[in-house]
Amino acid sequence: MKREFIYRLSADLILAIHGLFIIFVILGLVLIIAGTLLKWQFIENFRFRLLHLLCIGVVVVQAWASRLCPLTTWESRLREAAGDSVYEETFIQHWLHNLIFLDLPWWVFQFAYTLFGLLILLFLIIKPPRLPQKGLRISNLFVELLRVGQKDTKQQAEKRGQ
């Protein structure tokens with residue numbers, strides 16, 4: 001296979017992964033909001049909620065640091081290595097680029113990503129996830145830690161009293 005073909009194919013794969021990442025972040029929030037209203041249990045899944053928060057967190061930090069997404073940079077370098085010009089694109093490239101990349105001022109993205117991140121944080125408070133063990137909610141974690149601490153203190157007091 002030609003090197004250019006591999007670079008082009010790799011760039012298309014990165015673009016598809018980038019699109020799936022964006023869909024996960026957007027659809028994830030939609031599911032969390034709908035799940036809160038409709039009382040769906042799966043939206044309390046700790047791993048899902050943590051991954052979702054981390055994903056938008058990375059986007060918000062990158063936006064405020066005025067950094068491009070590493071996937072965007074990687075894809076661009078691969079396309080350049082393949083010898084592609086700006087408008088020499090496949091079907092996948094054309095439609096995903098039009099959906100993902102908007103020609104707006106940078107502050108619009110900072111505002112939108114930050115607002116989106118704040119919405120995700122808000123729903124962590126409104127509908128907190130359950131921790132993997134014992135079905136604890138994050139909001140109850142502090143109370144549970146205090147109880148454990150009190151048990152240890154009582155056991156230590158009992159040992160001293162013996």
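Of the candidates 19, 28, the single residue that is buried (at least 17 other Cβ atoms within 10 Å of the Cβ), at pLDDT below 90, on the phi < 0 side of the Ramachandran plot and among the small types (Gly, Ala, Ser) is 19.
So that you can scan it fast, the table gives a plain yes or no per residue for (1) touching a residue at least 24 places away in the same chain (Cβ under 8 Å); (2) under 23 Å from residue 127 (Cα atoms):
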| site | (1), (2) |
| --- | --- |
| 7 | yes, no |
| 10 | yes, no |
| 15 | yes, no |
| 22 | yes, yes |
| 32 | yes, yes |
| 45 | yes, yes |
| 55 | yes, yes |
| 58 | no, yes |
| 61 | no, no |
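Being closer than 24 Å to residue 103 by Cα and not hydrophobic (A, V, I, L, M, F, W, C) holds for only one residue in 19, 35, 28, and it is 19.
Among what's in segment 43-84 and is in a helix (DSSP H, G or I) and of a type in the set (D, E, K, R), pick the residue that is surrounded by the fewest Cβ atoms within 10 Å (Cβ to Cβ).
Here is the first cut: in segment 43-84, the ones in a helix (DSSP H, G or I) are 43-44, 46-64, 70-81.
Filter again for of a type in the set (D, E, K, R), leaving 44, 47, 49, 75, 77, 79-80.
On the way: 44: 19, 47: 9, 49: 21, 75: 22, 77: 13, 79: 22, 80: 12.
Among residues in segment 43-84 that are in a helix (DSSP H, G or I) and of a type in the set (D, E, K, R), the one surrounded by the fewest Cβ atoms within 10 Å (Cβ to Cβ) is 47.
For segment 131-141, the condition holds for at least one residue, the condition being that it is at pLDDT 75 or above and either farther than 17 Å from residue 22 by Cα or of a type in the set (D, E, K, R) (or both).
The values are calculated or read from the model by the stated rules, or taken from the named source; none is laboratory data. Since this is a predicted model, take the numbers as computed values, not measurements. Counting neighbours? That spans all protein chains shown, and the Cβs are built from the backbone with ideal geometry, glycine included.
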